[in-house]
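Peer 1: After the structure tokens below, expect a handful of questions from me.
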Amino acid sequence: MSLTMEEPVATKTIHINGKKNPAVEDYTGAYRFAPIQEAEVSRAMIKRYFTNMMDRAVSDVVIVGAGSAGLSCAYSLASRQPDLKITIIEANVAPGGGAWLGGQLMSSMVIRKPADAFLREIGVPYEDEGNFVVVKHAALFTSTLLSRVLAFPNVVLFNATAVEDLITTTDYEGTQRVAGVVTNWTLVALNHDTQSCMDPNTITAPVVITATGHDGPMGAFSAKRLVSMGLSKELGNMRGLDMNVSEPAIVNRTREVVPGLVMAGMELAEQDGSNRMGPTFGGMIGSGIKAAHEAIRIIQS
Ligand code: 48N
């Protein structure tokens, strides 16, 4: 049976008071789908999800946060290193972080040059305004980037999943290093106060890239956790808005903040006390790309 979704042909026409009434025409049987058992749907999802969980229990790189920095990092890393097992953990059901809108809930997204090169690389159209470009809707950037990232065979995304701690280990020199992440379903992570202990799961990896932003219920997650576990003295606390200072600062400061943990995007503003840039996203793209290079450096060292 070849399935066609052409305009349905009514199987029966209903006449009311002798007049044909299209609004109540009977389309029963007009659209015909191949038959299915409910269990087939469940098993199709369960098999794939838990195969991914088994396979990614040990990953090469974990990226925490699928905002503009985390997704730019994932794209840059996956496109350069197709052999790496890259696992993205995103707390929200919807990945994308703050990049679905520009500023103050307005749609267009401003990206300062030279970050427009990334838009050309992933195929996002824009209007050129001289020193910056404008994507007509931020969702066009984020949905395109997300689709490119998910198309890489070596990338697995676990959304609606939170990193609720970091795995640490001590290397042979006695140095503490991050060696993976502790995860739980986000709805569980947000409800630890309502139930007795709901233990987490783990994903180990030699490199963790944290790009958890500065906003939101879990913003700056790793920056705060490093302080509470004594691996960082104190939070730098993001400074006021200064576009010209902050964007290059965030890109330049993208780095391995503690062995095994690379920090990118606006989380760095909380870690170091960098200025914020407001509704311009070139710095997030640059930071994500730099984080990808940092991860490659660590893996190859
Ligand atoms: O978009 P964000 O929040 O973070 P970035 O750094 O990718 O981009 C920041 C950017 O949107 C801005 O803030 C702009 C440039 N404005 C600057 C300014 O001056 O205000 O994405 C972070 C993602 C979100 O999707 C969170 O849901 C997720 O990280 N996340 C987590 N995912 C898993 N586990 C966690 N613990 C966690 N915490 C946050």
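All of the numbers you see were taken from the coordinates with simple rules; none came from a lab. Every value quoted in this text rests on a predicted model; they were computed, and no experiment measured them. Ideal geometry is used to build each Cβ from the backbone, glycine not excepted, and the neighbour counts take in all protein chains shown.
Peer 1: For segment 59-73, enumerate the residues that are among the hydroxyl-bearing types (Ser, Thr, Tyr) and more than 9 Å from the ligand (Cβ to nearest atom).
Peer 2: Ser59
Peer 1: Kindly indicate whether Gly96 is within 11 Å of the ligand (Cβ to nearest atom) and either without any contact (Cβ under 8 Å) to a residue 60 or more places away in the chain or among the charged types (D, E, K, R) (or both).
Peer 2: Answer is yes for this residue.
Peer 1: Which one of Leu157, Leu150 is outside any strand (DSSP E or B), under 23 Å from Thr210 (Cα atoms) and within 16 Å of the ligand (Cβ to nearest atom)?
Peer 2: Leu150
Peer 1: Right, next: Name the residues in segment 145-174 that are touching a strand residue (DSSP E or B) at 6+ places or on another chain (Cβ under 9 Å) and more than 23 Å from Arg48 (Cα to Cα), would you?
Peer 2: Glu164, Asp165, Leu166, Ile167, Thr168, Thr169, Thr170, Asp171, listed by residue number.
Peer 1: The conditions are (1) within 10 Å of the ligand (Cβ to nearest atom); (2) within 18 Å of Ile298 (Cα to Cα), and Met243 fails exactly one of them. Which is it?
Peer 2: Answer for Met243: the failing condition is (2).
Peer 1: Still on this structure, please answer the following. When segment 248-301 is examined, which residues are found to be away from the ligand (no atom under 14 Å from the Cβ) and closer than 21 Å to Ala138 by Cα?
Peer 2: none
A quick yes/no check of all residues on (1) surrounded by 18 or more Cβ atoms within 10 Å (Cβ to Cβ); (2) part of a helix (DSSP H, G or I):
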{"site": "Ser196", "(1), (2)": "no, no"}
{"site": "Val208", "(1), (2)": "yes, no"}
{"site": "His214", "(1), (2)": "yes, no"}
{"site": "Ala223", "(1), (2)": "yes, yes"}
{"site": "Val245", "(1), (2)": "no, yes"}
{"site": "Ala249", "(1), (2)": "yes, yes"}
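Peer 1: Does segment 73-130 hold any residues that are farther than 24 Å from Pro248 by Cβ and among the hydroxyl-bearing types (Ser, Thr, Tyr), and which are they?
Peer 2: Thr87, Ser107
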